[in-house]
Amino acid sequence: MHENSVLNPERIPRHVAIIMDGNGRWAKQRNLPRIMGHKAGTESVKNIVKSARELNLEVLTLYAFSIENWKRPSFEVQGLMTLLKTFLKSELQNLLDKNISLRCIGEIEKLPPDVQKILLQVIEDTARNAEGKEGLILNLALSYGSRSEILRAARIMAEKCVSGQFDPEDISEKLFASHLYTAGLPDPDLLIRTGGESRLSNFLLWQLSYAELYITETMWPDFNAERFFEALKYFQGRERRFGQTSEQLQAE
Ligand code: IPE
Ligand code: IPE
Ligand code: MG
């Protein structure tokens, strides 16, 4: 029996966000350089993207590199950028074949020009995928920080107020959300963090307001389809009350 069969197809989350943590520790446990952990981590990315597509998720957001990660030793940053470039080049055909559309969130302008170029190319080439009901949006958080995203939205909205496009009182949750990098995407239903830390590390602070949280000790390079199903099973066992009482929900 395939593990998949234990999941309720009616309750597959629309959007899963993952903090892919633990590559460095995975490598250290094996006496390998940290970058080997990141390399192994890209294999997990491929496996989870494949599972997400098979399970018919709408959006998979992966936290691949934070604004704070720029503070890491430059050889590690360079290694990560090289891996990203290799991943994008080698995955393009697969994304096209599987009807997966690539998007990104974050301060992309801070990435090295060669990485930006291939990233924007893959985004453009896959932009027409996942337009209908079938298909997956693979959303990469790169040079991403949630506070900076929120500040950016505030700044754009302030400029629009000054130029008379709308008034301060028009700023609703919906309008605010439409100025975030994630505009147009549903909020994540489930947040998975591998590597065991119980923190958000500046990830999607606005968008995760009502997400279910699943933290696993499994290091990212060891995270596979089976572990992913376990997280989804956990999600399916939650009662999402959104502030209401259990009785109210059952009466609906
Ligand atoms: C996550 O793994 C990948 C990135 C942050 C780029 P880490 O590199 O943070 O791994 P640990 O937390 O040191 O084990
Ligand atoms: C979060 O992991 C960022 C990514 C997974 C890309 P970190 O390893 O950078 O987070 P902290 O430093 O432990 O909070
Ligand atoms: Mg880490």
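The values are calculated or read from the model by the stated rules, or taken from the named source; none is laboratory data. Predicted model, so just to flag it, every value in this text is computed and none were measured. Here the Cβ is made from the backbone with ideal geometry for all residues, glycine too, and neighbour counts use every protein chain on show. Please note that ligands, DNA and RNA were not included when accessible areas were found on the heavy atoms of the full protein model with its side chains. Shrake-Rupley method; radii C 1.70, N 1.55, O 1.52, S 1.80 Å.
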Checklist line | Cα radius of gyration and Dmax for the chain (Å) | finding: 18.8, 60
Next item on the list: Specify the residue with the greatest mean-square fluctuation among Gln207, Gln93, Gln236, computed from a Gaussian network of the chain linking alpha-carbon atoms under 10 Å apart.
Entry: Gln93
Checklist line | Residues whose placed amide H lies under 5 Å from that of Arg103, excluding near-sequence neighbours | finding: Leu138, Asn139, Leu140
Next item on the list: With a 1.4 Å probe and every protein chain left in place, work out the accessible area per residue of segment 115-168 in Å², rounded to a whole number.
Entry: 55
Notebook entry, point to check: Hey, what's the per residue convex hull volume over the C-alpha atoms of segment 1-73, in cubic angstrom?
Noted result: 111
Checklist line | Rg/Rg_ref, segment 141-252, where Rg_ref = 2.2 N^0.38 Å and atoms are Cα | finding: 1.34
Check: Among the lysines, which fall within straight-line cross-link reach of Lys174, defined as a Cα-Cα distance under 21 Å, with same-chain neighbours fewer than 8 residues apart omitted?
Finding: Lys160
Next item on the list: Could you check which residue among Asp97, Asp167, Asp125 shows the biggest mean-square fluctuation in a GNM of the chain with a 10 Å Cα cutoff?
Entry: Asp167
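With the contact rule set at Cα under 8 Å and sequence spacing of 6 or more, what percent relative contact order holds for the chain? Display every interim value, and only then the final one.
Details: 371 pairs, mean separation 71.5, N = 252.
With pairs under 8 Å counted, the relative contact order is 28 percent.
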Checklist line | In order through segment 212-220: 3J(HN,Hα) via Karplus (6.51 cos²θ - 1.76 cosθ + 1.60), integer Hz, x for Gly, Pro | finding: 7, 10, 10, 10, 10, 6, 4, 6, 3
Notebook entry, point to check: For segment 1-121, what's the relative contact order in percent, using C-alpha pairs closer than 8 Å and at least 6 residues apart?
Noted result: 25
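What does the net charge come to around Asp167 if you take all other residues with beta carbon closer than 14 Å to its beta carbon, with K and R at +1 and D and E at -1? Present the calculation step by step, with values, prior to reporting the outcome.
On the way: positive: Lys160; negative: Glu159, Glu169, Asp170.
Local net charge: -2.
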Notebook entry, point to check: Got a sec to turn the phi values of segment 228-233 into Karplus ³J(HN,Hα) couplings, 6.51 cos²θ - 1.76 cosθ + 1.60 with θ = phi - 60°, whole Hz, x for Gly and Pro?
Noted result: 5, 4, 4, 5, 5, 5
Note to self: Out of the total accessible area of segment 121-169 (probe 1.4 Å, heavy atoms of protein only), what percent is carbon and sulfur?
What the structure shows: 49
Notebook entry, point to check: Given H placed on each backbone N at 1.01 Å, which residues far from Leu190 in sequence or on other chains put an amide H within less than 5 Å of it?
Noted result: His15, Ala17, Glu212
Next item on the list: Taking H placed 1.01 Å from N in the peptide plane, check which residues at least 5 places from Ser143 or on another chain put their amide H under 5 Å from its amide H.
Entry: Phe65, Ser66
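For Val122, what is the net charge nearby, where nearby means another residue's Cβ is under 15 Å from its Cβ and Lys, Arg count +1, Asp, Glu -1? Please report the intermediate quantities before stating the final value.
Details: positive: Lys46, Lys85, Lys89, Lys98, Arg103, Lys117, Arg128; negative: Glu91, Asp97, Asp114, Glu124, Asp125.
Once positives and negatives cancel, what remains is +2.
DSSP loop (so not H, G, I, E, B), at most 13 other Cβ within 10 Å: list which trypsin sites (Lys or Arg not before Pro) in segment 106-183 pass both filters. All intermediate terms of the calculation are to be shown ahead of the outcome.
On the way: sites: Lys110, Lys117, Arg128, Lys133, Arg147, Arg152, Arg155, Lys160, Lys174; in loops: Arg128, Lys133.
Here the sparse-neighbourhood loop sites are Arg128, Lys133.
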Note to self: So with the 1.4 Å probe, I'd like the accessible area per residue for segment 22-72, rounded to whole Å².
What the structure shows: 49
Next item on the list: Could you check how much of the accessible area of segment 1-105 is carbon and sulfur, as a whole percent, using a 1.4 Å probe?
Entry: 53
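Select from segment 62-134 those chymotrypsin sites (Phe, Trp or Tyr not before Pro) which occupy a DSSP coil region and have at most 12 other Cβ atoms within 10 Å, ordered by residue number.
Details: sites: Tyr63, Phe65, Trp70, Phe75, Phe87; in loops: none.
Here no loop site has a sparse enough neighbourhood.
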Item checked: In Hz, Karplus ³J(HN,Hα) per residue of segment 129-134 (6.51, -1.76, 1.60; θ = phi - 60°; x = Gly, Pro) -> 6, 6, 7, x, 6, 7
Notebook entry, point to check: segment 1-52: which trypsin sites (Lys or Arg not before Pro) are DSSP loop and have at most 12 other beta-carbon atoms within 10 angstrom?
Noted result: Arg30
Check: So which lysines pass the test for Lys50, namely a Cα distance under 27 Å, with those fewer than 8 places away in the same chain ruled out?
Finding: Lys39, Lys85, Lys89, Lys98, Lys117, Lys133, Lys233
Next item on the list: Rank Gly37, Gly135, Gly184 by mean-square fluctuation in a GNM of the chain with C-alpha springs under 10 angstrom and give only the top-ranked residue.
Entry: Gly184
